[in-house]
Amino acid sequence: MRRVSALAIGLVLASQPALAQKRAAGAATAPVVAEAPLRAHLSFLADDMLEGRGTGQRGGELAVRYLETQAAAIGLLPGVGKAYRQSVKMVGTKTLSTSAVSFDVGGKTMSPQLGKEIVFNNASGKSKVRFDAPVLFVGYGISADDENWDDYKGVDVTGKLLIMMVNDPKPTAAEPNRFGGKSLTYPGRWMYKYEEALRRGAAGVLLIHTTESASYPWSVPANGMSKEQFHLAGEGNALQGWLQEETVRALFAAAGQDLDALRAKAEVRRFKAVDLKARATVAVDSAIRPVEQFNVVGIVPGTDAKLKEQAVIYSAHWDHLGIDSAEGKPDHIWNGAVDNASGSAALLTMAQVAVRQPARRTQIFLWPCAEEQGLIGSLGYVRDPVWPLAKTAADLNLDSMNFVGLTRDIGVAGAERSSLHASAAKVAKAMGLRLAPPISDLGGAYFRADHFNFAKAGVPAFNVGSAVFSGDGSFEFDHEHGASNAKMVGFKDHYHQVSDEYNPAWDLRGMVQQAQFTLNLGYEVANAATMPTWNKGDPLGKVKR
């Protein structure tokens with residue numbers, strides 16, 4: 001970890017974008033992004049001084065203060081009245097060790113050990129939750145009209161505790177593309193499952209954990225739920241969490257059911273929720289505190305008399321995992337340099353030049369809070385937008401950017417859902433780039449970044465992905481970019497770890513390239529005659545603004 005120098009801070013505060021002698025190819029209206037201010041912003045935002053930019057922590061407040069100060073210095077207009085801050089009120093909840101869940105089933109009581117066999121939190125905002133409820137297995141916990149699928153059919157789950165699987169129903173030979181085929185759809189995400197259960201009045205939700213189905217080991221939810229969790233104020237289940245697979249297997253066996261047999265039944269549409277003839281006794285004690293966090297919003301007004309009433313949003317979350325005050329740790333700051341000081345710095349750098357050359361439509365630069373806590377800041381924005389969603393053309397999001405060098409490819413996964421894909425292809429071609437070929441979204445990445453809240457609200461949106469390094473057959477290029485790919489893949493060992501730190505040796509040319517592509521695409525959308533549209537039949541296209 002490093003302290004940023006006074007010289008670097010001065011560079012950020014004093015640097016002015018030089019007008020490029022030659023604009024990016026094919027993007028004559030888009031000003032050119034510079035590396036020096038991007039690097040300076042990145043090194044500062046990822047510095048120990050900001051303590052990992054944690055939600056509800058001092059470092060987060062420092063990050064917001066820095067962003068709003070820079071927005072003013074750059075010349076962005078305040079996006080929230082006369083201020084750059086948009087308030088997002090949430091509740092911080094930490095489950096206490098006195099909490100417990102037990103099951104009365106088959107004439108005996110089972111009490112899973114907190115942290116080892118069961119983990120959970122309480123999103124109701126109450127410090128003490130007590131209830132006794134019947135237990136139901138509801139398969140995947142999905143209700144999706146477009147797939148003619150309803151795991152809740154014929155059952156009232158009000159006041160009941162639901163156990164369900166993660167992911168979504170598997171494709172079959174007869175239906176190879178159901179629920180996205182190999183790709184994960186939104187109903188497969190744990191976030192959806194909590195939301196659907198809440199809508200139906202369930203008392204709580206427990207997801208069955210396996211490393212294969214969750215795509216991460218038990219340590220991930222166990223460690224995550226041992227820390228303070230955040231939720232929008234007034235929203236959430238009284239109990240939501242995970243059960244170890246073997247614990248579920250034993251519980252089902254005590255109820256006279258076989259877990260594997262029920263899993264198989266849950267793969268077909270005629271499945272109906274199964275009453276396990278068990279009751280859960282739930283006692284959740286939580287440390288509760290109200291927390292106010294802030295999105296940062298700055299605006300570049302459009303120049304066209306009519307189109308300026310419409311806007312393009314560029315977004316990048318400012319938060320990371322903060323600081324762990326536990327004693328004895330040699331490093332207890334989650335600096336979050338790549339995730340997502342990189343995106344936050346890129347937006348500042350893009351805005352720094354965009355203010356000098358406005359587009360026909362208005363451009364909005366948005367730094368959401370609390371992304372790491374479940375996309376809370378962007379959800380807060382779409383619930384109370386500073387610009388009408390019906391007049392928002394697109395959201396282009398940046399998260400965990402390319403830090404290893406130039407590329408010939410750019411990732412646009414999710415753009416294919418709308419006309420943004422054609423626009424992205426046009427911009428990429430003009431810049432001498434190729435769109436990375438589509439791949440199956442096995443982990444549901446499209447649903448795990450801030451743009452998704454805009455997509456759910458009806459705004460075409462996607463995350464402009466980090467580079468994909470593919471060669472052209474020449475030894476030199478393939479060798480160089482093979483090494484770059486290895487660095488990018490190797491970042492998984494630093495993702496959400498204290499080792500995600502800024503390195504001054506990073507080659508930021510690729511990060512600049514990615515930011516330039518995003519800005520060029522924003523100008524393409526902002527200057528077009530019409531707003532982007534969803535592809536016919538896309539489920540998100542049905543969402544009403």
Sorted by chain and number, the residues with a modelled amide H under 5 Å from that of Thr392, at a separation of 5 or more or across chains, are Ala311
Just to confirm a number: summing +1 for Lys and Arg and -1 for Asp and Glu over residues other than Gln293 whose beta-carbon lies under 10 angstrom from that of Gln293, what do you get? -1
Straight-line reach from Lys265: which aspartates and glutamates have a Cα under 18 Å away, not including same-chain ones fewer than 8 places off? Glu147, Asp150, Asp151, Asp168, Glu175, Glu245, Asp275
Compute the length gained on full extension between Met49 and Lys391: take 0.36 nm times their separation in residues and subtract their Cα-Cα distance, giving the result in nm to one decimal. 119.2 nm
Count the DSSP beta bridges whose two residues both fall in the chain, then state the antiparallel fraction as a percent rounded to the nearest 5. 60
What is the angle, in °, between the Cα long axis of helix 58-74 and the longest principal axis of the Cα atoms in the chain? Nearest 10 is fine, range 0 to 90. 30
Amide H of Arg434: which non-local residues (sequence gap of 5 or more, or other chain) have their own amide H closer than 5 Å, using H built in the peptide plane? Asp409, Ile410
Whole-Hz couplings from phi, Karplus 6.51/-1.76/1.60, listed for the stretch 213-220; x for Gly and Pro: 6, 7, 6, 8, x, 4, 4, 5
With respect to the cross-link table entries Lys128/Lys227; Lys170/Lys193; Lys193/Lys492, which display a Cα-Cα separation exceeding 24 Å? Lys193/Lys492
Any idea how far apart Asp145 and Arg269 come out in nm if each label point goes 7 Å out from Cα toward Cβ? 1.6
The long-range amide H neighbours of Ala278, using H built 1.01 Å from N in the peptide plane and a cut-off of under 5 Å, are Val135
Starting from the Cα-Cα distance between Tyr216 and Val155, subtract it from 0.36 nm times their residue separation and give me the gain in nm to one decimal. 18.8 nm
Could you name the aspartates and glutamates in cross-link range of Lys89, using Cα to Cα under 18 Å and dropping any fewer than eight places away on the same chain? Glu61, Glu228, Glu235, Glu292, Asp319, Glu371, Glu372, Asp384, Asp450
Using only Cα positions of the stretch 31-401, each an equal point scatterer, no hydration layer, compute I(q)/I(0) via Debye at q = 0.06, 0.07 Å⁻¹ and quote the log10 values to two decimals. -0.28, -0.37
Helix 245-254 vs. the chain, principal-axis angle (Cα, 0 to 90°, nearest 10): 20
With θ set to phi - 60°, apply the Karplus curve 6.51 cos²θ - 1.76 cosθ + 1.60 along the stretch 367-375 and write out the HN-Hα couplings as whole Hz, x wherever there is a Gly or Pro. 10, x, 8, 6, 5, 5, 9, x, 6
For the stretch 285-302, list residues with backbone N below 13 Å from a point placed 7 Å from the Cα of Leu77 toward its Cβ? 298-302
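Which ordering of His421, His320 is given by a fewest-first count of other beta-carbon atoms within 10 Å?
Numbers: His421 19, His320 31.
Lowest to highest Cβ neighbour count: His421, His320.
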Residue-wise HN-Hα coupling along the stretch 412-421, computed from phi with Karplus coefficients 6.51, -1.76, 1.60 (Hz; x: Gly, Pro): 10, 4, x, 5, 5, 6, 8, 5, 4, 5
Would you mind ranking Thr210, Thr362, Thr109 by Cβ crowding within 10 Å, fewest neighbours first? Thr109, Thr210, Thr362
So Gln113 and Lys170, fully extended at 0.36 nm per residue minus their Cα-Cα distance, gain in nm 17.4 nm
Two-site FRET efficiency, Ala261 against Ser127, from Cβ-Cβ distance with R₀ of 51 Å, rounded to 0.05: 0.80
Using only Cα atoms and rounding to the nearest 10 degrees, what angle (0 to 90) does helix 35-45 make with the longest principal axis of the chain? 40
For the stretch 69-194, what log10 I(q)/I(0) values come out of the Debye formula at q = 0.16, 0.19 1/Å, with one point per alpha carbon and no solvent? -0.98, -1.14
Arrange the following residues from fewest to most other Cβ atoms within 10 Å of their Cβ: Trp190, Trp367. Trp190, Trp367
Once the cut-off is 17 Å, how many percent of the Cα-Cα pairs in the stretch 220-339 end up in the long-distance tail? 78
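Throughout, read-outs are computed from the coordinates displayed, never taken from laboratory work. For clarity, every value in this text was computed on a predicted model and none was experimentally measured. As a convention, Cβ positions derive from the backbone with ideal geometry for all residues, glycine included, and neighbour counts pool all protein chains shown.
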